[in-house]
1. What does the net charge come to around residue A:141 if you take all other residues with beta carbon closer than 12 Å to its beta carbon, with K and R at +1 and D and E at -1?
2. What residues of the range A:247-282 lie in the reach of a label at residue A:154, counting those whose backbone N is under 15 Å from a point 7 Å from the Cα along Cα→Cβ?
3. Along the range A:276-291, what does the Karplus equation 6.51 cos²θ - 1.76 cosθ + 1.60 (θ = phi - 60°) give for ³J(HN,Hα), rounded to whole Hz, x for Gly and Pro?
4. Rank the residues A:404, B:10 as a footprinting-exposure proxy: fewest other Cβ atoms within 10 Å of their Cβ go first.
5. Mind checking the full-extension length gain between residue B:144 and residue B:289? Use 0.36 nm per residue of separation minus the Cα-Cα distance, one decimal, nm.
6. Once the other residues with Cβ under 13 Å from the Cβ of residue A:312 are scored (Lys, Arg +1; Asp, Glu -1), what is the net sum?
7. Quick check on chain B: take the gyration tensor over C-alpha atoms, sort the square-rooted eigenvalues as a ≥ b ≥ c, and tell me if it's rounded (a/c under 1.5), prolate or oblate.
8. For the range B:167-318, what relative contact order do you get, as a whole percent, if you take Cα pairs closer than 8 Å and at least 6 residues apart?
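No value in this document is a laboratory result; all are computed from the given coordinates. These figures come from a predicted structure and were not determined experimentally. We place every Cβ from the backbone using ideal geometry, glycine too, and count neighbours over all the protein chains shown.
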Amino acid sequence: MKGLPSFKHGVHPPENKDLTSGIPSKRFPFPKEVILPLSQHIGVPAKALVKPGDHVERGDVIAEAAGFISSTVHATASGTVRSIELWPHPNGLMVPSIRISVDPNSSQMRRNRMVPRWQDVKDTDLSKEIAKAGIVGLGGAAFPSHVKLSPPKDQPIELLLINGCECEPYLTSDHRVMLEMPEMVYEGIRIALKALGITRCVIGIENNKPDAIEMMRKTKPADLDATIQPLTVKYPQGAEKMLIKAVMGREVPSGALPSSIGAMVQNVATAANVAAVFKTGHPLIERIITISGRGIKKPGNWKIPFGTKLRDVIEHCGGLTEDAAEIVFGGPMMGQGQANLDVPILKATGGILILSKDECKRQDILPCIRCGKCLEACPIFLNPQWMGELAKAERYEELVEDAHLNDCMLCGSCSFVCPSNIPLSQYFAMSKTQLKRIPKS
Amino acid sequence: MTVKITASPHVRSADSTVQIMWSVVISLVPVVAASIYYFGPSAILVLLASMAGCLVTERWFGSNPGSISDGSAMITGLLLGLTLPPGFPLWMAFLGGVFGMGFGKLIYGGLGQNIFNPALVGRAFLQAAFPVAITTWPSKTEHWWMLQGDNFALPFMSPVVDTATAATPLGNLKFGDDPVVTPILDLFLGTTGGSLGETSALLIILGGIYLAYRGHLNWHIPVSIFVSTFVISGLFWAIGISQFTPVFMLFSGGMMLGAWYMATDMVTSPLSNKGCWVFGIGIGFLVVIIRIWGGLPEGVMYAILLMNAMVPFINRATQPRLFGTSGKKKKEAGK
């Protein structure tokens, strides 16, 4: 593995990808009910356009974007709007959500083309169509894609980076996307290149997916200026800044966006779904999700409509094993623990993990022995040991100004390596939340 | 079933603090075995006495009753014992353990809070309180099983010093009437006089490499100590100020034990690798100064303790360079 580009520091959690990486994705049956929260991602919640009793077809707009950093919500199955009420959200809060009773007799066929062909759209209007189709980044943060595709005028993008790293352990949905629909990924790349008005792109893939690298190489269109770059297997290789460092050899300046050095990163699943939206003419209403972990009887990769409840997913995957202990939305390094089986799947949900007792052993928190392992793990060269002390003492001002809390992306590498099991990244997440509550002077 | 809800990350690396502590203990087993081989039952008695001092103190005055099982008190006792001469009175070894543990670690708040290496605090106390006993190295006994020196001296009675004493290689060269240079091979294998665990460089290096391989020891520290000791002492040797050759410097006295096991104590060494280099170079510099000009034959202990005191400042000065910045700190007004 020596010689492949990467970034400094980082960690090597057990990959556990072979649980599902060889299982082709299948269509998930329509559930009896879908729950579509008005707030699915970063940004302003969408505004509901339907009322209880309304009949909706699969793909209809049910809530519209309420601002630039906001995204449209579509019905993911045909049925009747039952209510708009507060419903448990994977982030642990109660969030206004549209509840749709799925019509069991519906064919679930979609209406005619709702999105034009991308070739027919003007370059400058592409991002508008992408916004209307409700496309967000499917890598995890679910940042609305149209915002990324409209970079500031003074920061022209020179290089499109396609993120096929999938550095989170267990998750294999991006891996399956590259194996099953490489031509869609390339189509998505063309669309993004067109929207950005550039020609060059690099696809970064961690070297633990040789079949995906091979497939992408084999299917690469001759006329596309794309390079497939195998990368060192190391967490968090798929973080935007780490990928840019590995591929371009440059560091995104602290506090700035990738566009400041002329780069834009898009996830492979996002690219494939952008292409799918323009190809089928229907908005983003489903995605490939990895259901994995040793706490579920039948792990696999499924194409699941958004809004499907966790309960239905577990039931369809054979149920929980005896020693299931923890349910996580997302990967094991950054994912969120779930307390309620009624939470719906969101656009940002790339995986659902049911971890067994052995997989998520929790140990007592011991005093810090200042071993410095967290400093060697932090990919952005923070001092988590010191930050942990500051966070515990609630010295938030120093934490931000001297210890650079705002640069922390909560990747969890420091907590992962800590031999004393100190929940460092949890401290930092809490500090960030606390700081948001303090009014800015 | 019961569902656990925890914050991410949901998986953890296999290393734990307790495991690190016990692997240090395990890596010291060959060193302990060698000390028993060279010095007989006296070695076992001295080690047991210093360990008992540490464990009893940790158990009675530690922050919680379970803290004894984390293995750190055991390491302190073992390391302190290894720095003592084989004929050392047991009550003194016990007292050294109590002092090192109590004043070197527990008054700071226990594991992770102390500034100075507790084993060395214990030894520094013994050096100050019992300077004769701690620098008395009995000559080889007739039989392996015979006790050396005066292990069973009564507390607070002046120890009766064995008439036949042998000098250590360092003392020999520095204070001997007829300076003799001990062959390096003897130093390397440990067939010389000296404290229990300080004699076999080979076994200490092997133990240290094992720990470094497992990631339980930061190799930057011993390497930086060796480099700086070698270069600085080599300089003095070359211009004729010092009679110690650089290689002799590396393999004599407490150098190996100190560099591999004392200086690398995670709690009392700097956080970053950069800091570890500053720390190690400082230790090497002080060792050379004390050995050449000091009133003692050995300087490793004080060199490490002095650099321990510098660690908070080294940490301050060697903050990592934030990703995406030049690393130069912005001038902050009023600070």
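1. Result for the neighbourhood of residue A:141: +1.
2. A:256-257, A:259-262
3. With the stated coefficients, the range A:276-291 comes to 5, 4, 6, 6, 7, x, 10, x, 6, 10, 7, 7, 7, 10, 8, 10 Hz.
4. With the sparsest Cβ surroundings first, the list reads A:404, B:10.
5. Stretched out fully, the residue B:144 to residue B:289 stretch lengthens by 48.5 nm.
6. Neighbourhood net charge equals 0.
7. Here chain B falls in the oblate category.
8. 24 percent
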